[in-house]
2 protein chains.
Amino acid sequence: MTAFIDKLSAAWTANDSLLCVGLDPDMEKLPEQLQWEPNAVYTFCKEIIDATADLACAFKPQIAYFAALRAEEQLEAICTYLHENYPHIPIVLDAKRGDIGNTAEQYAREAFERYRADAVTVNPYMGFDSVAPYLEWKERSAIILCRTSNPGGSDLQFLKVDGQPLYQHVARLVADKWNTNGQCGLVVGATFPHELEQVRQIVGDMPLLVPGIGAQGGDIPATVAAGRTAAGSGMMINSSRAILYAKPAAGENYAQAARRVAQETRDAINRARAA
Amino acid sequence: MTAFIDKLSAAWTANDSLLCVGLDPDMEKLPEQLQWEPNAVYTFCKEIIDATADLACAFKPQIAYFAALRAEEQLEAICTYLHENYPHIPIVLDAKRGDIGNTAEQYAREAFERYRADAVTVNPYMGFDSVAPYLEWKERSAIILCRTSNPGGSDLQFLKVDGQPLYQHVARLVADKWNTNGQCGLVVGATFPHELEQVRQIVGDMPLLVPGIGAQGGDIPATVAAGRTAAGSGMMINSSRAILYAKPAAGENYAQAARRVAQETRDAINRARAA
């Protein structure tokens, strides 16, 4: 198995893309013709994947949507489909797990054995021994929450520790102590480009998962300028709803609409990389 | 539906117990006769529940163990079994979820609709809007991580914010701002009784889920002295592995061994309450 960071780097290059396509299947928003299909979630995600796989550097299924729908088997099938048809595109399971060591071992099995994800998002609140079990899987990565894009993100992450906000402390902790084998990444929202820039300065070339563009309103040029590495990559810039539920133009089906928005987003990111 | 706190209070009284029995079904530790049964996880948990239901104030399934085993349907069946046979004992789903609003809504559906849990554990790192969707379910509760019992718990939770450790800041935030409808509780480990005492002083009578006795080594008298309310309750003191995998004495089966340890633990807690 290829290490996550190598797989991601190859996908950045092969698809000339920093775009991560989030898979958040919400039954209320699925195209009408799928609403009554028993495997609607699988069919929908498969169509989105086929329509965007040459434009994406990663796919990020959000497990909450599958869990709410009792659709774990469909998520397994989606991950298998990705491995069989697009083995060069990494899967980031967005699970934001966080628990003590022996429980974290079970969550690592869920992410890496059951869903065969290349990386999983993890919450840092419980400290290093809640992250370490994921790092036992040497080819996989743990993408740790640092600065999140939601309004309440500031409630804890912006508290001052030794004069600096907690999220910067987390960035330093991960960069200096937790990232022993180069297996860590960070989640840093696009809604605060200045903070993204500060995290980039702290963590060097560490890969960043950046949610918050698209439906959440983050600015693409500011995000790219703030978060790119010297090599012009280093990020998985995620868009979920804006792609998945793109409104079809005349003559388009939902997958074509998703492809159009994905392409516009990838290209907007690439224009910002070239600027 | 009865509000979580009322159901918990009634169970404290009815069973004269502050003991929460954790359900962490680990295939490697299950009794040999169950190893090859297709519904081993369900059967095991059902036997443990039947053996301990008159000794417990709550049952706490740890969802990671079920997820690693692809056993979500068995967890659903266990929750249904609890509701049908022991409707007076609350179910605390230990999931430690934490995500932005629209995703948290999905996790709330997972916990409260799919598994019909009375309460769910939640991570505070992403702030209030990551907790609020659980509080929309007015009869249910969110038990928020405050001070955890694992070694790495100090990595973030002990960082100083305005001169006081982060976990105390979280306790204040929950008590003063997040607990608008009396639906919040906190997770505070038994491994640090002095810190448990400080949290109790901050949060008044708020219910505390206290892991860390049993296999994790926390001291029962110190825990009870530090964490009880004026009424002598206020806690769900959790034990999982020490009960589930109790070594049967001569002539005992595994469920009888679990009952014996659960009874010893409940009684040790009650002796400490009386002291």
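The values are calculated or read from the model by the stated rules, or taken from the named source; none is laboratory data. Just so it is clear, the model here is predicted, and its values are computed rather than measured. Counting neighbours? That spans all protein chains shown, and the Cβs are built from the backbone with ideal geometry, glycine included. Accessible surface areas use protein heavy atoms only, side chains included; no ligands, DNA or RNA. Shrake-Rupley method; radii C 1.70, N 1.55, O 1.52, S 1.80 Å.
For the range B:148-178, filtering for residues that are among the charged types (D, E, K, R) and more than 7 Å from chain A (Cβ to nearest Cβ) leaves 4.
For the range B:88-104, a residue qualifies if it is open to solvent by 10 Å² or more (accessible area, probe 1.4 Å) and either free of Cβ contacts under 8 Å to residues at least 24 places away in the same chain or more than 23 Å from B:ALA171 (Cα to Cα) (or both), and the qualifying residues are B:HIS88, B:ASN102. In the set (1) within 30 Å of B:PHE192 (Cα to Cα); (2) in contact (Cβ under 8 Å) with a residue 40 or more places away in the chain, the condition left unmet by B:LYS138 is number (1). Among the residues of the range B:1-32, the ones that are open to solvent by 40 Å² or more (accessible area, probe 1.4 Å) and assigned to a loop (DSSP other than H, G, I, E, B) come to 3 in all. For A:TYR245, the conditions (1) under 17 Å from A:ILE49 (Cα atoms); (2) more than 14 Å from the chain's Cα centre (by Cα); (3) crowded, with 23+ Cβ neighbours inside 10 Å are fulfilled apart from (3). Return a yes/no flag: does the range A:71-84 have any residue that is free of Cβ contacts under 8 Å to residues at least 12 places away in the same chain, of a type outside the set (Ser, Thr, Tyr) and open to solvent by 30 Å² or more (accessible area, probe 1.4 Å). Yes, there is a match, as at least one residue in the range A:71-84 is free of Cβ contacts under 8 Å to residues at least 12 places away in the same chain, of a type outside the set (Ser, Thr, Tyr) and open to solvent by 30 Å² or more (accessible area, probe 1.4 Å).
Somewhere in the range A:93-108, is a residue within 20 Å of A:MET235 (Cβ to Cβ), among the acidic types (Asp, Glu) and in a helix (DSSP H, G or I)? No, the range A:93-108 contains no residue that is within 20 Å of A:MET235 (Cβ to Cβ), among the acidic types (Asp, Glu) and in a helix (DSSP H, G or I).
Among the residues of the range B:113-143, the ones that are open to solvent by less than 10 Å² (accessible area, probe 1.4 Å), at the interface with chain A (Cβ under 10 Å from one of its Cβ atoms) and not in a loop (DSSP other than H, G, I, E, B) come to 2 in all. Against the criterion of being more than 10 Å from every other protein chain (Cβ to nearest Cβ), of a type in the set (A, V, I, L, M, F, W, C) and within 25 Å of B:ALA117 (Cα to Cα), B:LEU196 does not qualify. All of B:GLU197, B:GLU264 fail the test of being touching a helix residue (DSSP H, G or I) at 6+ places or on another chain (Cβ under 8 Å) and open to solvent by 10 Å² or more (accessible area, probe 1.4 Å), apart from B:GLU197. Helices (runs of 4 or more DSSP H) fully within the range B:33-87 that include at least 2 residues being of a type in the set (Phe, Trp, Tyr): B:40-52, B:63-68. Every condition in (1) more than 14 Å from chain A (Cβ to nearest Cβ); (2) among the basic types (Lys, Arg); (3) in contact (Cβ under 8 Å) with a residue 60 or more places away in the chain is met by B:LYS29 except one, and the failing one is (1).
Taken over the range A:131-163, the residue count meeting the criterion of being touching a strand residue (DSSP E or B) at 6+ places or on another chain (Cβ under 8 Å) and closer than 30 Å to A:PRO87 by Cβ is 10.
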